[in-house]
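For reference, the structure is listed below as structure tokens.
The values are calculated or read from the model by the stated rules, or taken from the named source; none is laboratory data. Since the model is a prediction, treat every value here as computed from it, not as a measurement. For neighbour counting, all protein chains shown are included, and Cβ atoms are generated from backbone atoms with ideal geometry for every residue, glycine included. SASA here: full protein model, heavy atoms, side chains in, ligands and nucleic acids out. Shrake-Rupley method; radii C 1.70, N 1.55, O 1.52, S 1.80 Å.
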Amino acid sequence: MATLIRSRRLTMPDLSTLSYHGLRVVGFTVTCLLVTWGLFVLAMLMIGSLNFDLMMAQLANLSTRYVAADAHRVAQFKGLVGSAQLLLLAAVMFFRRHALLGAKPTVAASRG
């Protein structure tokens, strides 16, 4: 008795499904990036005691020190900001994961 093994043929999803899921992922990522940039602004406001004038004074102080710094110090600062960005992005994506796992679009059973 011979056993027949059927090979499953992989089918590509249609273009509309790929577009839908691609746009959802891109929108989710862009929204999370905007939230993390807002968290950086909130941190600057908190350093300035939630006062816009004090925040600008702190940013002016930071910018003068950044311009006067040597290349090694600038690289350290960029690494610090980049790692903080990645950590915040990972945290925001974790807490917003429900937005990515939203409802799938329904196709109408009858057209016409």
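Observations on the model:
- Search result, residues across the range 70-103 that are basic (Lys, Arg) and more than 17 Å from Val30 (Cβ to Cβ): Arg73, Lys78
- In the range 82-89 there is at least one residue that is open to solvent by 60 Å² or more (accessible area, probe 1.4 Å), modelled with pLDDT of 95 or more and either outside any loop (DSSP other than H, G, I, E, B) or on the phi > 0 side of the Ramachandran plot (or both).
- Residue match in the range 42-50 (condition: surrounded by 11 or more Cβ atoms within 10 Å (Cβ to Cβ), modelled with pLDDT under 95 and not in a helix (DSSP H, G or I)): yes
- Boolean, Leu54 is under 23 Å from Ala90 (Cα atoms) and open to solvent by less than 90 Å² (accessible area, probe 1.4 Å): no
- For the range 9-28, filtering for residues that are under 18 Å from Leu88 (Cα atoms) and free of Cβ contacts under 8 Å to residues at least 60 places away in the same chain leaves 2.
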